[in-house]
1. Which of the residues spanning the stretch 275-307 are surrounded by fewer than 14 Cβ atoms within 10 Å (Cβ to Cβ), at pLDDT 95 or above and either hydrophobic (A, V, I, L, M, F, W, C) or farther than 24 Å from SER222 by Cβ (or both)?
2. Run SER89 past the list (1) free of Cβ contacts under 8 Å to residues at least 24 places away in the same chain; (2) touching a strand residue (DSSP E or B) at 6+ places or on another chain (Cβ under 9 Å) and report the number of the one that doesn't hold.
3. Scan the stretch 169-194 for residues that are within 24 Å of ALA226 (Cβ to Cβ), among the hydrophobic types (A, V, I, L, M, F, W, C) and buried (at least 16 other Cβ atoms within 10 Å of the Cβ) and jot them down.
4. Looking at ASP106, ASP195, can you tell me which residue is under 30 Å from TRP310 (Cα atoms), in contact (Cβ under 8 Å) with a residue 12 or more places away in the chain and among the charged types (D, E, K, R)?
5. Among the residues of the stretch 39-58, is any of a type in the set (Ser, Thr, Tyr), crowded, with 19+ Cβ neighbours inside 10 Å and farther than 13 Å from LYS289 by Cβ?
6. Can you tell me which condition HIS212 does not meet? The list is (1) in contact with a Ser or Thr (Cβ under 6 Å, 6 or more places away or on another chain); (2) of a type outside the set (Val, Ile, Thr); (3) over 28 Å from TYR171 (Cα atoms), and all the others hold.
7. Regarding the stretch 125-134, can at least one residue be identified that is under 30 Å from LYS53 (Cα atoms), in a helix (DSSP H, G or I) and of a type in the set (A, V, I, L, M, F, W, C)?
Amino acid sequence: MLRFGLCCLFLEAPVKFRTLNFRHIASLGREERLEKFSIIALENSENLLKALKFAKDMKIGAFRVASDLLPLYTHPETAYRLEHLPECSAIIKNFKEVASFAALNDIRLSFHPDQFVILNSPDGKIVANSISELAYQAHLASLIGASVINIHMGGVYGDRKSAIARFCDNYKKLPDAIQSRLTLENDDISYTVRDLEPVCSELGIPLVYDVHHHRCNPDGLSVEEASNISMQSWKSSGRGEPYFHISSPLSGWDDLKKRRTHADYINPLDFPAFWMNLDITVDVEAKAKELAVNKLVKDLRGIYGDYQAWGK
């Protein structure tokens with residue numbers, strides 16, 4: 001069964017999440033800031049439940065939650081805890097409703113931290129800030145029932161072997177709340193599936209396979225071989241259904257300058273035929289959001305005929 005996932009936002013459905021830039025609250029005092037954070041966090045918690053209800057109605061079986069659901073939570077100038085917010089009880093209540101709704105309706109929830117989360121950086125401050133951000137997202141994940149926090153390995157820093165060793169050392173220091181949810185994704189510049197396979201095997205981390213990244217940053221493995229490596233990592237870790245990512249290049253594969261940029265929709269020919277009979281979650285990374293998910297489902301039916309998909 002194919003389960004398709006939506007990433008963070010809707011294009012047309014009436015669900016919006018609010019964000020906040022530090023410069024907008026820089027002049028406010030601590031109590032005023034917390035009041036502002038509380039208002040936005042409460043609204044976001046309500047809209048997250050609405051988002052899952054729309055996803056269910058649209059027959060979308062997975063939802064990637066935006067990292068800034070609680071605004072500026074780990075910002076060095078504004079860091080706070082959920083219990084500091086005036087509407088803490090109502091926010092937690094909403095998050096528990098999200099967890100119950102997701103569990104009852106078999107909707108998978110995940111996080112994908114921003115690129116500044118780098119566990120293999122040689123800069124200790126960057127690593128410390130990364131761990132702080134992961135701790136926040138693990139706490140939020142525990143409240144809403146999310147099982148995956150997906151990250152990239154990070155940079156090479158002129159010495160790939162040392163960079164990988166640093167990641168492994170820092171990973172082993174992470175609390176279980178983070179380790180039990182962390183996954184590693186191949187990227188489109190530095191680390192391939194072939195690079196990540198031994199790391200994931202050694203540490204028991206599931207590998208999220210991004211086929212677009214693999215095509216931009218090939219490693220000699222076929223799509224089928226890379227998919228199988230990913231699926232085996234999920235099986236070995238006991239973490240359930242594998243997560244894959246699909247996207248299409250903005251201007252086609254021949255445009256080398258834009259091939260890493262995501263298009264509005266998925267070209268169904270970019271969807272690996274090998275995946276059609278797998279039990280996997282496929283996050284659709286496309287700018288048209290829910291419209292792209294629904295179009296891909298229909299396009300695949302036009303190519304392969306009827307197939308089993310979550311909710312469809």
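The values are calculated or read from the model by the stated rules, or taken from the named source; none is laboratory data. Because the structure is a prediction, the values reported are computed rather than measured. Please note: Cβ atoms are built from the backbone with ideal geometry, for glycine as well, and neighbour counts cover all protein chains shown.
1. Once the filter is applied, which keeps residues that are surrounded by fewer than 14 Cβ atoms within 10 Å (Cβ to Cβ), at pLDDT 95 or above and either hydrophobic (A, V, I, L, M, F, W, C) or farther than 24 Å from SER222 by Cβ (or both), the stretch 275-307 yields LYS298, GLY302, ILE303.
2. All conditions pass for SER89, except number (2).
3. Once the filter is applied, which keeps residues that are within 24 Å of ALA226 (Cβ to Cβ), among the hydrophobic types (A, V, I, L, M, F, W, C) and buried (at least 16 other Cβ atoms within 10 Å of the Cβ), the stretch 169-194 yields LEU182, LEU184, VAL193.
4. Going through ASP106, ASP195 in turn, just one is under 30 Å from TRP310 (Cα atoms), in contact (Cβ under 8 Å) with a residue 12 or more places away in the chain and among the charged types (D, E, K, R): ASP106.
5. yes
6. (3)
7. There is at least one residue in the stretch 125-134 that is under 30 Å from LYS53 (Cα atoms), in a helix (DSSP H, G or I) and of a type in the set (A, V, I, L, M, F, W, C).
Yes/no matrix, rows are residues, columns are (1) in a helix (DSSP H, G or I); (2) under 30 Å from LYS312 (Cβ atoms); (3) more than 18 Å from the chain's Cα centre (by Cα):
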position	(1), (2), (3)
ASN94	yes, yes, yes
ALA102	yes, yes, no
VAL117	no, no, no
SER142	yes, no, no
ALA165	yes, no, yes
LEU174	no, no, yes
